[in-house]
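Right, one structure below, let's go through it.
The values are calculated or read from the model by the stated rules, or taken from the named source; none is laboratory data. Because the structure is a prediction, the values reported are computed rather than measured. Here the Cβ positions follow ideal geometry from the backbone for every residue, glycine too, while neighbour counts run over all protein chains shown.
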Amino acid sequence: MNVDKRKKIKEHQQLHFQRQMAERLDFYRKRDLATEKPEKYLSLIIDGMDQTKTFIPHFLGRKATLVKTSDLVKTHITAVLNHGSEEPLTFVDRGEYPHDSNTTVAIISQVLWIISKKQTTVGEKIKIVM
């Protein structure tokens, strides 16, 4: 690879790192606002786990050769953290539904409903990180 091409790649990498840091700083700022003023700001972070790590039963190390993957119960776990309350919410699905944007929207709706039952207001501004 020639020197000019290597330099250009390095510049793109630096730009990527700068954008990534700007996103993180924006997230931290909004997270802090939600912690300080939960009546005005809501910051949620959503993360899902849909891998063999969530199969039941879960075996440490290698699974026995007699156990077929098709015999294990497949689960999908999604966790949501509301930075205003620091109370994590967990949603477990046993593979009954496809996991797509509809699942995420349903979980967000459920979280907003739960928050509305506990607080007088959900917040004027909402930031969701997935």
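Annotations
- If you go through the range 1-47 and keep only what is under 20 Å from the mean Cα position of the chain (by Cα), closer than 25 Å to I107 by Cα and part of a helix (DSSP H, G or I), you end up with E23, R24, D26, F27, Y28, R29, K30, R31, D32, L33, A34, T35.
- If the condition is being surrounded by fewer than 18 Cβ atoms within 10 Å (Cβ to Cβ), farther than 15 Å from M130 by Cβ and touching a Ser or Thr at 6+ places or on another chain (Cβ under 7 Å), then the range 24-49 contributes only E39.
- Pair list, Cβ < 7 Å and 6+ apart or interchain, from the range 93-119 residues that are over 14 Å from N82 (Cα atoms) and polar (S, T, N, Q) to residues that are surrounded by 10 or more Cβ atoms within 10 Å (Cβ to Cβ) and modelled with pLDDT under 80: T103/Y97; T104/M130
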